[in-house]
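The values are calculated or read from the model by the stated rules, or taken from the named source; none is laboratory data. Here the structure is a predicted model, which is why all the values come from computation and not from measurement. Here the Cβ positions follow ideal geometry from the backbone for every residue, glycine too, while neighbour counts run over all protein chains shown. What goes into the accessible areas is simple: the full protein's heavy atoms, side chains included, and nothing from ligands, DNA or RNA. Shrake-Rupley method; radii C 1.70, N 1.55, O 1.52, S 1.80 Å.
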Amino acid sequence: MLLLALVILVPSCLGFANKFFEFVMLFRGDADGAFAITPILNYLLAGFGFLLMFFWAAMNGMFHDIEGPKHQHLEREKMLDRGRG
Amino acid sequence: MSSSAPSAAIPAEIPRHEDLVNERLVAWYFIASLVFLGTSMLAGLHMALQLVHWNPCPDAELLSPGRWRMVHTNAVAYGFLANAFLGMLHWTVPRLTLRPVASSALSYFIFGAWQFVVLSTAAGILIGPSLQDAPWVMELAAKYNISMSLGAQGIEWGETPVWIDPIAQVGLLLVAINFMVPISRARGPMYVTLWYFMAMFVWTFLVYAMGNFMSEYWVGGTSGGAVGGLFIHDLVGLFVTPLGWGMMYYFVPILLQKPIWSHGLSLVGFWGLAFFYPLNGIHHFLYTPIPMFLQYGAVIATIAVEFVVTTVIINFIGTVWGQGKSVYRSLPLRWFYTGMIFYFLTCLQCALQVTLTFQKLIHFTDWVVGHAHLVMFGVFSLWLFGVMTYLFPRLIGRDWWSPQLCEWHYWLSTAGVLVMAFDLTLAGIFQGYYWASLQMWDVSVDGSMPFWITRVFAGLAMLGGFVCFVWNLVMTYRTAPAKGAVAAV
Ligand code: HEM
């Protein structure tokens, strides 16, 4: 699984980085060119933030026992309603 | 799907609901949202009447349909949806995290500040343009060299006047802080609802800043258009959608008394949205001067989101599998699943809209307006009505005064939006063909008339449903508490 992910992800990331670099070079110095880069840069920034969050979640065990939270949710609700005055 | 030791992350002693949830505030938010929804519907009806040349007040500048159209959309997005979602968050987040919001005083402050923002937006839209031209205002502006516009800001969905933007931005930050404190203190792996909500707090803050400040002060022209496109769609996808889906993942299992089919799949949906959605916005601007590679990128990202949406829908179908009758019997569930069918239809429309061939036909037509009503009313409003139908009896402490009026609310709203969406979709196709065949503009307007008249009646049905709901709510509040209250409808 991991190997498959690497086989897919590594070439796509390299390809994208290469194309993006070419693109930035093409527009360098051109005031109008900035507008084409703005949405991509926006996306990359937001995407990078979420990538970090994804790694943080994985490292903090958020994906261990992946079905657990759905049972806790119902149990918690029952307990809260039972204790409701 | 492994079933784990359920109580691993639940402390033996859990807090009381009363100590977690500020029910009064939830009710206030819901009531404020209904006031804005009523206003918005009247404004929509006003615009719809104008389009069939029945403008009831043609001479009143303040009532000009052009201004009320903006009130219609802003009141719905920021007055109705935002208020109703905030109320829902005040119920769900403390119950999911077993911790109250960061500060109750802050919650009350945000409530007041948000109503101020929405009301000032309406005031800015309605009286701003008239005020702007008043000689004393022009004099003041010239004297102090103020170039700021008092009326609506020229950004679609960002019409909130520029002087309110910083207040709204701070408000969003405070909302994020108030809810992120309990979420960050919660222990153990998080339930999918919290993932959606957490991301939404970050996204909405960023999206609002991008849409309202970037295009206003830094990037103009086509660049501003590109950013505006991202903003519009990100408001739907990164503000309304995560709240909507998070809310469904919370309430559907409770009402069915059965966990969601696959929590793993729900997380695939969440991360899919996080990574694919932000590139979608440009699909609003196919065939514009924005570079083609950006347009193609948006098309591909949209197709990816279609897959993500499919996983979510499969998950909810899997959850209700074998319990179909409860969807008919429980009104809140019926609202939820009807909204899901509309969601599926909306996404089906998206799949067509995003192809360049189809765009050529429907660009700028009423198809888009039909799509907007299907998603904003048919999906998110229906879900919120389901939540309110379920929660109001709990908040007021008594059963609905009239279950029949609840049914009327459901049927009038559902039929109304179905007719409106179908009618405008068809109108869009007709308009597209009129334009493509290079007929005179007037011919397309005449051809649209039957559709626009139908829209008025569909709108009246939706408004009728709303009146039933509000009337029922008032009567429920005024009648004496019933024994064994709060049974679900
Ligand atoms: C009484 C019911 C309603 C009527 C008669 C109505 C009518 C209208 C009209 C006439 C427009 C302007 C279309 C144009 O510019 O060509 C509009 C736009 C819009 N309405 Fe409504 N509306 C109603 C309820 C709602 C509700 C409840 C929502 C959301 C929950 C909503 C969401 C929208 C949106 C998002 C737009 C903007 C569409 C776009 O720009 O493409 N409407 N509506």
Of the conditions (1) outside the structural domain of B:Phe469 (by TED's automatic domain parsing); (2) buried (at least 20 other Cβ atoms within 10 Å of the Cβ), B:Tyr343 fails just one. Which one is it? (1)
Any pair with Cβ under 6 angstrom, 6 or more apart, that starts in segment B:395-419 at a residue that is away from every other protein chain (no Cβ under 14 Å) and open to solvent by less than 70 Å² (accessible area, probe 1.4 Å) and ends at one that is among the aromatic types (Phe, Trp, Tyr) and within 16 Å of the ligand (Cβ to nearest atom): B:His409/B:Phe469; B:Val417/B:Phe377
When residues of segment B:279-300 are limited to those that are over 16 Å from B:Ser223 (Cβ atoms) and open to solvent by less than 10 Å² (accessible area, probe 1.4 Å), the one nearest to the other protein chains (Cβ to nearest Cβ): B:Asn280
The lone condition B:Gln439 fails out of (1) assigned to a helix (DSSP H, G or I); (2) surrounded by fewer than 21 Cβ atoms within 10 Å (Cβ to Cβ); (3) more than 10 Å from the ligand (Cβ to nearest atom); (4) not charged (D, E, K, R) is (1)
Among the residues of segment A:56-82, count how many are modelled with pLDDT of 90 or more, of a type in the set (Lys, Arg) and open to solvent by 50 Å² or more (accessible area, probe 1.4 Å). 1
Of the residues B:Gly158, B:Gly128, B:Gly151, only one is more than 30 Å from B:Phe251 (Cβ to Cβ), touching a residue at least 12 places away in the same chain (Cβ under 8 Å) and within 16 Å of the ligand (Cβ to nearest atom); which? B:Gly158
From the options B:Tyr410, B:Tyr433, residue that is in a helix (DSSP H, G or I), more than 14 Å from the ligand (Cβ to nearest atom), under 20 Å from B:Ser33 (Cα atoms) and not hydrophobic (A, V, I, L, M, F, W, C): B:Tyr410
Does segment B:232-243 hold any residues that are open to solvent by 10 Å² or more (accessible area, probe 1.4 Å) and either out of contact with any Gly (no Cβ under 9 Å at 6 or more places or on another chain) or at positive phi (or both), and which are they? B:Val236, B:Phe239
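So which residues in segment B:24-62 are polar (S, T, N, Q) and open to solvent by 30 Å² or more (accessible area, probe 1.4 Å)?
Looking only at segment B:24-62, we keep the residues that are polar (S, T, N, Q), and these are B:33, B:39-40, B:50, B:55.
Listed by number, the residues that qualify are B:Thr39, B:Gln50, B:Asn55.
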Flagged pairs (Cβ under 6 angstrom, 6 or more apart or on separate chains; first in segment B:236-262, more than 10 Å from chain A (Cβ to nearest Cβ); second open to solvent by 10 Å² or more (accessible area, probe 1.4 Å) and not in a helix (DSSP H, G or I)) are B:Leu255/B:Ser330
Which condition breaks for B:Ser184 when tested against (1) at pLDDT 80 or above; (2) open to solvent by less than 20 Å² (accessible area, probe 1.4 Å); (3) over 17 Å from the mean Cα position of the chain (by Cα)? (2)
Log entry, pairs with first residue in segment B:19-48 being farther than 27 Å from B:Trp452 by Cα and in contact (Cβ under 8 Å) with a residue 12 or more places away in the chain, second being open to solvent by 10 Å² or more (accessible area, probe 1.4 Å) and outside any helix (DSSP H, G or I), beta carbons closer than 8 Å, six or more apart or on different chains, reads B:Asp19/B:Pro100; B:Leu20/B:Leu98; B:Leu20/B:Arg99; B:Leu20/B:Pro100; B:Val21/B:Pro100; B:Asn22/B:Pro100; B:Asn22/B:Val101
Failed criterion for B:Leu37 (all others in (1) within 21 Å of the chain's Cα centre (by Cα); (2) away from chain A (no Cβ under 14 Å); (3) away from the ligand (no atom under 16 Å from the Cβ); (4) not small (Gly, Ala, Ser) hold): (3)
Subset tally (residues that are of a type outside the set (A, V, I, L, M, F, W, C) and open to solvent by less than 50 Å² (accessible area, probe 1.4 Å)) for segment B:130-157: 4
Is there a residue in segment B:160-171 that is closer than 24 Å to B:Gly281 by Cβ, modelled with pLDDT of 85 or more, open to solvent by 30 Å² or more (accessible area, probe 1.4 Å) and assigned to a helix (DSSP H, G or I)? yes
Out of segment B:253-311, which residues are among the β-branched types (Val, Ile, Thr) and at pLDDT 85 or above? B:Ile254, B:Ile260, B:Val268, B:Val299, B:Ile300, B:Thr302, B:Ile303, B:Val305, B:Val308, B:Val309, B:Thr310, B:Thr311
Take B:Ala60 and tell me if it is modelled with pLDDT under 95 and within 14 Å of chain A (Cβ to nearest Cβ). no
Which residue, of B:Val368, B:Val379, B:Val375, is in a helix (DSSP H, G or I), within 16 Å of the ligand (Cβ to nearest atom) and open to solvent by 30 Å² or more (accessible area, probe 1.4 Å)? B:Val368
Scan segment B:325-340 for residues that are open to solvent by less than 10 Å² (accessible area, probe 1.4 Å) and farther than 21 Å from B:Ile314 by Cα and jot them down. B:Leu331
Answer residue from segment B:207-231, given it is of a type in the set (A, V, I, L, M, F, W, C) and at the interface with another protein chain (Cβ under 7 Å from one of its Cβ atoms) and is surrounded by the most Cβ atoms within 10 Å (Cβ to Cβ) among those: B:Leu230
For segment B:44-93, what are the residues that are within 8 Å of the ligand (Cβ to nearest atom) and aliphatic (A, V, I, L, M)? B:Leu45, B:Met47, B:Ala48, B:Leu51, B:Val76, B:Ala77, B:Leu81
